[in-house]
Amino acid sequence: MLGSRKSNAGTIDSLIGAGTQIRGDVAFKGGLRIDGQVIGRVAAEEGGTGMLVVSEHARIEGEVRATHVVVNGTVIGPIQADELLELQAKARVTGDIRYQTLEIHHGAVIDGSLSHLEAGRGSLLKLAASNE
């Protein structure tokens, strides 16, 4: 019953496997899990909801942007999580971070600044839903 109320926001639609290296920008929608290496920008499509999972042995060298970002590997570059950023125990981030909600596990390392995003996006959705 609980699962029926849940949206597909947590599903992984695409995978960049271990041993795979991509040089260039990656645009995605839905969910993307990276187990390999990306040298370039990794971003969810504008206006869509995107979830990015950077696994323990993964590495991104470039800008990261998505609605929900989970990092347990290495990111060298800025990160923006429009809703939630979760830095798990083996996360290593070198770059500035912008987030709406932040969860940091013991052991995660950040070399950069943290900036909270204003809740303006959520407020606009709330007003639209209330027909104001």
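Which of the strands (runs of 3 or more DSSP E) found entirely inside the stretch 1-78 contain at least 2 residues meeting this: acidic (Asp, Glu), touching an Asp or Glu at 6+ places or on another chain (Cβ under 7 Å) and at pLDDT 95 or above? Filter on the stretch 1-78 gives an empty set.
Listed by first and then second residue, the pairs with beta-carbon distance under 8 Å, at least 6 apart or on different chains, first residue in the stretch 1-26 and surrounded by 10 or more Cβ atoms within 10 Å (Cβ to Cβ), second at pLDDT below 85, are ALA9/THR49. Among the residues of the stretch 86-132, those identified as assigned to a loop (DSSP other than H, G, I, E, B) and at pLDDT 95 or above are GLN88, ALA89, LYS90, ALA91, GLY95, ASP96, HIS105, HIS106, GLY107, ALA108, GLY112, SER113.
The values are calculated or read from the model by the stated rules, or taken from the named source; none is laboratory data. Owing to the predicted nature of the structure, the values given are computational and were not obtained by experimental measurement. Don't worry about glycine lacking a Cβ; one is built from the backbone with ideal geometry, like all the others, and counts go over all protein chains shown.
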